[in-house]
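One structure is given here, and the rest of the page talks about it.
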């Protein structure tokens, strides 16, 4: 169950990073709503991470949480914010995903 909590925490990490990007490109009062979304997503992500590390090793949990956030944020950047995609970006995202899976497999 704590692995699921950790995955959800990673998805909220993607959400808070995405809110920062939306705040950057927004104007007027919308900026404040995106910053509020950032704050809420950050708090939820941290609370879920805290819950997950109660039973998971901190090094593994933090690496998986960060990896989910990194890969998810890159994918949101590509598909939502139209960031450029490259072969190298795809290669390194693949190695990161493989590393996350490897950490999950070798964790007790």
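Bear in mind that the values in this text are calculations on the coordinates, not laboratory data. All of these numbers come straight from a predicted model, not from anything done at the bench. Backbone-built Cβ (ideal geometry, glycine too); neighbour counts: all protein chains shown.
Table for the structure above
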item: Relative contact order computed over the chain (Cα-Cα under 8 Å; 6+ residues apart), in percent; result: 34
item: Degrees, to the nearest 10: 87-106 long Cα axis against longest axis of the chain; result: 40
item: Rg over Rh, two decimals, the chain (C-alpha only, Kirkwood Rh); result: 1.03
item: Nearest-ten-degree value, helix 58-79 long axis tilted from longest Cα axis of the chain; result: 40
item: Helix-only [θ]222 nm of the chain, DSSP H runs n ≥ 4, -39500 (n - 2.57) each, per residue, nearest 500; result: -29000 deg cm²/dmol
item: Ordering of 63-70, 2-9, 93-100 by packing [mean C-beta count within 10 Å, highest first]; result: 63-70, 2-9, 93-100
item: Whole-angstrom gap from the range 82-108 to the range 42-67, using each part's C-alpha centre; result: 18
item: Crossing angle, helix 30-52 versus the chain [Cα axis fit, 0-90 degrees, rounded to tens]; result: 10
